[in-house]
Amino acid sequence: MTVQERPGAAYRPTPPPAWKPRTDPAPLLPDPEPYRVLGTDAAAGADPELLLRLYAELVRGRRYNAQATALTKQGRLAVYPSSTGQEACEVAAALALEQRDWLFPSYRDTLAAVARGLDPVQALTLLRGDWHTGYDPHEHRIAPLSTPLATQLPHAVGLAHAAHLKGDDVVALAMVGDGGTSEGDFHEALNFAAVWRAPVVFLVQNNGFAISVPLSKQTAAPSLAHKAVGYGMPGRLVDGNDAAAVHEVLGEAVARARRGGGPTLVEAITYRIDAHTNADDATRYRGDSEVEAWREHDPIRLLETELTGRGLLDEDAVRAAAEAAEAMAARLRERMNADPVLNPMDLFEHVYAEQTGQLREQAAQLRAELDAESGEGAHGAEGDAR
């Protein structure tokens, strides 16, 4: 209640004004069960060409994950967070966007970047330790892979809001894991996005674990999608291993954002089949039976069953997709096995538009050390600080 103060009079409480919800929560609530397409009546309305493209990308993505994981064992990658089992989310996120839109990936989402058209070697450059990021974000409309949890989410909101203010027809799609929803950046991003009605879509890949911490130890919410209601945006719950369903839900959210409807939070229920990274021992916090149960709900198997059942996929097509994926892996392996030519002075490039005095001083110090080691001035000419 409020209190009025009058000169010479005691405090007198006054009744509050009539209260009503700022937003009707009913339309914002997610469905009670994850939305599915494959294996349901809704599959009959799915575009066959889209399903076949999704299948080819899933097969390629699975092989990409396997090859990248193998490269860590060969010392060619420092670390690789595999998305094996989550390929439907990765591929659908990439294909749901227009070329002018932006993708904001986390460190586990290199496959989404590759599915959007990024060179696989460029996607892995950060994880190799060769460069801050291996590609030009503006050229590809893909933000740098974010290793700190959830920091990419406010960035996505800022870009989307700026695009809206400029009148640009651009949508941002930001990807995050269930662990990232426990970060403050998640709250800040969703709150600003809803207040500004920013054209942004948040895709939460709920794979069950934040490294080793199960979701039950992170939240008591009915689902992560329910958190959307508290911010005033719709929450959608989808089967994250159903590529057709994820693509449909994300496509609807992107279209809604583009026409001025504001942000959407999508929770995709999926599972990380591999360990958190090559440095993780997943057997310490989950059992083999759990992993095998999820293998029965594999995204490639689900889509392959649908396509073969409708007569859209035969053995020759399955073989062709596998061969194309193997050819991609061979090229990736060959290129990653070549030692890159690196210039240590590149550390000071692309930090500021105009280098600060401190950076110039550090660059000069490193250049002097490199010259002293080599006994010649080879780095002086090519490494001048600008």
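Step by step: find N for the chain, compute 2.2 N^0.38 Å, then divide the Cα radius of gyration by it. What's the final number?
1.15
Between A320 and V341, what FRET efficiency follows from the Cβ-Cβ distance if R0 is 56 Å, with the result rounded to 0.05?
0.95
Excluding residues on the same chain fewer than 8 positions from K227, give the lysines whose Cα lies under 17 Å from its Cα.
By straight Cα distance, K227 reaches K217.
Provide the percentage of antiparallel DSSP beta bridges, counting only those with both residues in the chain; round to the nearest 5.
DSSP beta bridges in the chain are roughly 20 percent antiparallel.
Specify the residue with the greatest mean-square fluctuation among D288, D274, D242, computed from a Gaussian network of the chain linking alpha-carbon atoms under 10 Å apart.
D288
Give the residue from A42, L58, P27 lying farthest towards the positive end of the charge dipole for the range 4-143; charges sit on Cβ (+1 for Lys and Arg, -1 for Asp and Glu) and the dipole is referred to the Cα centre.
P27
Run the simple label-point estimate for T305 and E334 please: 7 Å along Cα→C-beta, distance reported in nm.
Output for this residue pair reads 3.8 nm.
Taking chymotrypsin sites (Phe, Trp or Tyr not before Pro) as exposed when DSSP calls them loop (any state but H, G, I, E, B) and at most 16 other Cβ atoms lie within 10 Å, what is the longest stretch of the chain free of them, the sites themselves excluded? Walk me through the numbers on the way to the answer.
Details: sites that count: Y11, W19, W131, Y285, Y352.
Between exposed loop sites, the widest span is 132-284.
Does the range 108-182 come out rounded, prolate or oblate by the C-alpha gyration tensor, with a ≥ b ≥ c the root eigenvalues, rounded set by a/c under 1.5 and, if not, prolate when a/b is larger than b/c and oblate if not? All intermediate terms of the calculation are to be shown ahead of the outcome.
Working: a/c = 2.08, a/b = 1.32, b/c = 1.58.
It comes out oblate by the Cα gyration axes.
Give me the net charge for the shell around T147: Cβ to Cβ below 14 angstrom, other residues only, Lys and Arg +1, Asp and Glu -1.
Net charge in that neighbourhood comes out at -1.
Show I269, I211, I300, I142 ordered by accessible area, largest first, where the area counts protein heavy atoms only and the probe is 1.4 Å.
I211, I269, I300, I142
On the first, second and third principal axes, largest extent first, how far apart are the outermost C-alpha atoms of the range 209-351 in Å?
53, 50, 44
What residue among A244, A293, A123 shows peak mean-square fluctuation when the chain is described by a Gaussian network model with Cα springs under 10 Å?
Among A244, A293, A123, the largest GNM mean-square fluctuation belongs to A293.
Full extension from R12 to H138: what is 0.36 nm times the residue separation minus their Cα-Cα distance, to one decimal in nm?
39.4 nm
Estimate the FRET efficiency between A42 and A78 by the formula 1/(1 + (r/R0)^6), using the beta-carbon distance for r and 41 Å for R0, to the nearest 0.05.
After rounding to 0.05, the efficiency reads 0.45.
Using DSSP to call loops (not H, G, I, E or B), can you name the trypsin sites (Lys or Arg not before Pro) in the range 1-103 whose Cβ has at most 14 other Cβ atoms within 10 angstrom? Display every interim value, and only then the final one.
Details: sites: R22, R36, R53, R60, R62, R63, K73, R76, R100; in loops: R22, R36, R76, R100.
Here the trypsin sites (Lys or Arg not before Pro) that fit, given the DSSP loop and packing criteria, are R22, R100.
Normalised by the number of residues in the chain, what is the relative contact order in percent for Cα pairs under 8 Å and 6+ residues apart?
Numbers: 625 pairs, mean separation 79.2, N = 386.
Normalised by residue count, the contact order of the chain is 21 percent.
Give me the number: length gained by fully extending Q218 to S289, i.e. 0.36 nm times residue separation minus the C-alpha to C-alpha distance, one decimal in nm. Write out the running numbers ahead of the final one.
Working: separation 71, 0.36 × 71 = 25.56 nm, distance 2.29 nm.
Here the segment from Q218 to S289 would lengthen by 23.3 nm.
Given points 7 Å out from each Cα along the Cα-Cβ axis, report the R360 to R22 separation in nanometres with one decimal.
Result: 4.9 nm between the two label points.
Name the residue farthest towards the positive end of the dipole of the range 233-386 from the options N241, M345, W294, assuming +1 on Cβ of Lys and Arg, -1 on Cβ of Asp and Glu, about the Cα centre.
Toward the positive end, the furthest listed residue is N241.
With a 1.4 Å probe and all protein chains kept in place, how do R116, R319 rank by accessible area, largest first?
Descending accessible area places them as R319, R116.
Which longest run of the chain has no exposed loop site in it, a site being GluC sites (Glu not before Pro) in a DSSP loop with at most 12 other beta carbons within 10 Å, and the site itself not part of the run? If you can, show how the numbers build up before the last one.
Values: sites that count: E5, E98, E296, E354, E376.
Here the longest run is 99-295.
Give me the accessible area of D280, 1.4 Å probe, in Å² rounded to the nearest 10.
40
The values are calculated or read from the model by the stated rules, or taken from the named source; none is laboratory data. Note that this is a predicted model, so its numbers are computed, not measured. So basically every Cβ, Gly included, is an ideal-geometry build from the backbone, and we count neighbours across all protein chains shown. Accessible surface is based on the protein model in full, side chains and every heavy atom, while ligands, DNA and RNA are left aside. Shrake-Rupley method; radii C 1.70, N 1.55, O 1.52, S 1.80 Å.
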